């Protein structure tokens, strides 16, 4: 029985750490993209796929570099 309690405790510790890191990351994303914290939290909850122009509009990237065509 002691092993289960220890394992549950470990899971709880890891879950709390994941939530703490997620909060830090979301705040950084909000600060650097200009998006509201609420929007960042909503968008990172699931896969949120963007192309290059959408990423620029969102604020994740500064510019799109095109390859010269040969």
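Return the residues of the stretch 40-64 that are in a helix (DSSP H, G or I) and in contact with a helix residue (DSSP H, G or I) (Cβ under 8 Å, 6 or more places away or on another chain); say none if nothing qualifies. So that I can check it myself, show each step before the final result.
At the first step, the residues of the stretch 40-64 found to be in a helix (DSSP H, G or I) are 40-44, 52-58.
Residues satisfying the conditions are 40, 41, 44, 58.
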Close pairs from the stretch 44-61: first in contact (Cβ under 8 Å) with a residue 24 or more places away in the chain, partner assigned to a loop (DSSP other than H, G, I, E, B) and loosely packed, with under 12 Cβ neighbours inside 10 Å, Cβ under 7 Å, at least 6 apart: 59/34
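Hey, can you tell me all the residues within the stretch 45-60 that are surrounded by 10 or more Cβ atoms within 10 Å (Cβ to Cβ) and modelled with pLDDT of 95 or more? Before the answer, list the steps.
Keep residues of the stretch 45-60 that are surrounded by 10 or more Cβ atoms within 10 Å (Cβ to Cβ), which gives 48, 50, 52-60.
50, 52, 53, 54, 55, 56, 57, 58, 59, 60, listed by residue number.
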Pull out all pairs, ordered by first then second residue, where Cβ-Cβ is under 6 Å, the residues are six or more apart or on different chains, the first lies in the stretch 13-30 and is within 19 Å of residue 60 (Cβ to Cβ), and the second is assigned to a helix (DSSP H, G or I). 26/40; 26/41; 29/40; 30/37; 30/40
In the stretch 23-39, what count of residues is obtained for those that are surrounded by fewer than 12 Cβ atoms within 10 Å (Cβ to Cβ) and either in contact with a strand residue (DSSP E or B) (Cβ under 8 Å, 6 or more places away or on another chain) or not in a helix (DSSP H, G or I) (or both)? 2
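The values are calculated or read from the model by the stated rules, or taken from the named source; none is laboratory data. Predicted model only: the values in this text are computed from it and were never measured. Every residue, glycine as well, gets a Cβ built from its backbone with ideal geometry; the counts of neighbours run over all protein chains shown.
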